[in-house]
Amino acid sequence: MTIPAEAVSVPDVVRELAGDGVITPAWRNELGGLTFRVDRSPQPTTHPATDPTPSSTCYVKWMPFSDRATTERVDLANEAARMRWAETWTPVPHVLDVGSDEQAKWLVTAAMPARSAVDPRWLAEPETAARAIGAGLRALHEALPVDECPWTWSIEDRMAIAEDRAARGHAADGWSAEARARLLDAPEHDRVVVCHGDACAPNTLLADDGTWAGHVDLGGLGVADRWADLAVATYSLGWNYGPGYDYLVYEAYGIDEDPDRVAWYRLLWDLG
């Protein structure tokens with residue numbers, strides 16, 4: 001994901017959802033989707049002494065129906081279901097609306113009082129961000145109940161999806177017979193947890209004191225080995241902060257690095 005550097009055309013449905021709010025482009029993903037921040041004026045409550053102040057800020061994630069493969073990879077209705085489920089046990093954005101029309105689909109969530117780990121504030125403090133990513137991932141894995149989770153992120157599921165995409169001509173570079181053979185030698189499970197499913201640095205939120213505050217983008221959430229998340233979380237540090245910070249994630253999580261598992265799950269990530 002990147003912060004849009006050029007002018008962004010705001011879709012009509014986003015304007016409708018925003019009402020009189022101020023719309024600011026926040027993210028663009030590699031699949032053509034956009035996320036907008038919407039700042040509204042706070043609404044008065046009926047009973048000010050007892051009613052909490054409604055959130056005046058929300059985010060609208062918008063995904064066009066540009067092609068079938070892209071649309072299938074980003075299922076915002078399923079993401080909304082996962083967030084609503086996870087919200088019982090761990091801090092994630094509260095879902096306000098989810099829908100679609102002939103041109104696109106969207107997901108509206110309340111803003112959380114925190115910043116992404118790749119906000120300029122935390123890009124300038126990569127050690128703090130790396131520790132928060134590790135601590136947050138451990139908290140997520142400890143909090144979400146495996147036995148109650150309706151979704152999986154298993155090796156078998158992920159390989160089946162990758163094979164299907166390859167058959168339809170949408171495979172990632174390197175999805176070769178040799179790569180598939182390497183993936184057949186899967187490591188044994190270390191500990192099965194409910195994984196985030198996309199534990200890249202931007203999806204961890206930090207409070208102003210540098211502690212972990214929550215997670216976003218839970219569209220891939222499901223039961224899997226914890227190294228599926230750890231491998232991707234540390235992988236993404238190099239993309240966002242540069243090399244040399246992986247050990248801080250492991251320290252904050254409370255685990256020793258396992259290079260073999262990390263390498264295998266990163267390969268699965270790259271090819272899937």
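General observations
- Scanning segment 117-170 for residues that are basic (K, R) and out of contact with any strand residue (DSSP E or B) (no Cβ under 7 Å at 6 or more places or on another chain), we see that the one that is farthest from L221 (Cα to Cα) is R168.
- The combined condition, being small (G, A, S), surrounded by fewer than 20 Cβ atoms within 10 Å (Cβ to Cβ) and not in a loop (DSSP other than H, G, I, E, B), is not fulfilled by G210.
- Each residue in segment 120-149 was checked for being under 18 Å from the mean Cα position of the chain (by Cα) and not in a helix (DSSP H, G or I), and 2 of them qualify.
- Selection count where residues are modelled with pLDDT under 90, assigned to a helix (DSSP H, G or I) and over 30 Å from A135 (Cβ atoms), scope segment 60-106: 5
- When T128, T90 are checked against the criterion of being of a type in the set (S, T, N, Q) and touching a Leu at 6+ places or on another chain (Cβ under 7 Å), T90 stands alone in meeting it.
- Residues of segment 233-267 satisfying the condition of being surrounded by 18 or more Cβ atoms within 10 Å (Cβ to Cβ), farther than 19 Å from D217 by Cβ and of a type in the set (A, V, I, L, M): L248, A252, V262
- Flag if P187 is assigned to a loop (DSSP other than H, G, I, E, B) and touching a residue at least 60 places away in the same chain (Cβ under 8 Å): yes
- Criterion: within 21 Å of E127 (Cα to Cα) and of a type in the set (D, E) - qualifying residue of D225, D217, D209: D209
- Here D173 passes the criteria (1) in a loop (DSSP other than H, G, I, E, B); (2) surrounded by fewer than 18 Cβ atoms within 10 Å (Cβ to Cβ); (3) modelled with pLDDT of 95 or more except the one numbered (3).
The values are calculated or read from the model by the stated rules, or taken from the named source; none is laboratory data. Everything quoted here is computed from the prediction, not taken from an experiment. Note that we place each Cβ from the backbone using ideal geometry, even for glycine, and neighbour counts take in every protein chain shown.
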